Amino acid sequence: VQLQAYGGGLVQAGGSLRLSCAASGSIFVINVMGWYREAPGEQRELVAAIPRAGSTNYADSVKGRFTISRDNDKNTVTLQMNSLGPEDTAVYYCYVKLATFPAREYWGQGTQVTVSS
């Protein structure tokens, strides 16, 4: 399984960015799709996740500003990020968990998001 992420970049505080990730390869069914981020000197943290069925999950720090969505037919996940602040600066990683037993997990290569103040 390969994950290709798009959409990172540099934006001013208060601006918006849209991240997209496409999964390809030997995919049966994707259970969970999501985004994590890793800021310099920090641990990787969950930003948002969306299961194939069920409720989305957001980090408290992004609730109300970020929206995650997915297209099951295209195996893509998108993260719309609004009202960005310098604290959102990080490398963002796309993530999928397949509906296999045991569950298999895959990560994208990471895309840099930099928010200037």
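Quick notes on this one:
- The stretch 7-33 residues that are at positive phi, paired with ones that are open to solvent by 30 Å² or more (accessible area, probe 1.4 Å) (beta carbon under 6 Å, 6 or more apart): GLY7/ARG18; GLY7/SER20; GLY25/VAL1; GLY25/GLN2
- Restricting GLY64, GLY54 to residues that are out of contact with any strand residue (DSSP E or B) (no Cβ under 6 Å at 6 or more places or on another chain) and under 20 Å from SER16 (Cβ atoms) narrows the list to GLY64.
- Here LEU3 qualifies as out of contact with any helix residue (DSSP H, G or I) (no Cβ under 8 Å at 6 or more places or on another chain), at pLDDT 95 or above and assigned to a strand (DSSP E or B).
- Consider the stretch 52-67 and keep the residues that are farther than 16 Å from ALA90 by Cβ and modelled with pLDDT of 95 or more. The one that is most open to solvent (accessible area, probe 1.4 Å) is LYS63.
- Condition check for PRO86: more than 15 Å from the chain's Cα centre (by Cα), open to solvent by 50 Å² or more (accessible area, probe 1.4 Å) and either of a type in the set (S, T, N, Q) or within 29 Å of ALA53 (Cβ to Cβ) (or both): no
The values are calculated or read from the model by the stated rules, or taken from the named source; none is laboratory data. Source: prediction; values computed, not measured. In this analysis, Cβ positions are derived from the backbone assuming ideal geometry, glycine residues included, and neighbour counts consider all displayed protein chains. For accessibility, only protein heavy atoms count, side chains too; no ligands or nucleic acids. Shrake-Rupley method; radii C 1.70, N 1.55, O 1.52, S 1.80 Å.
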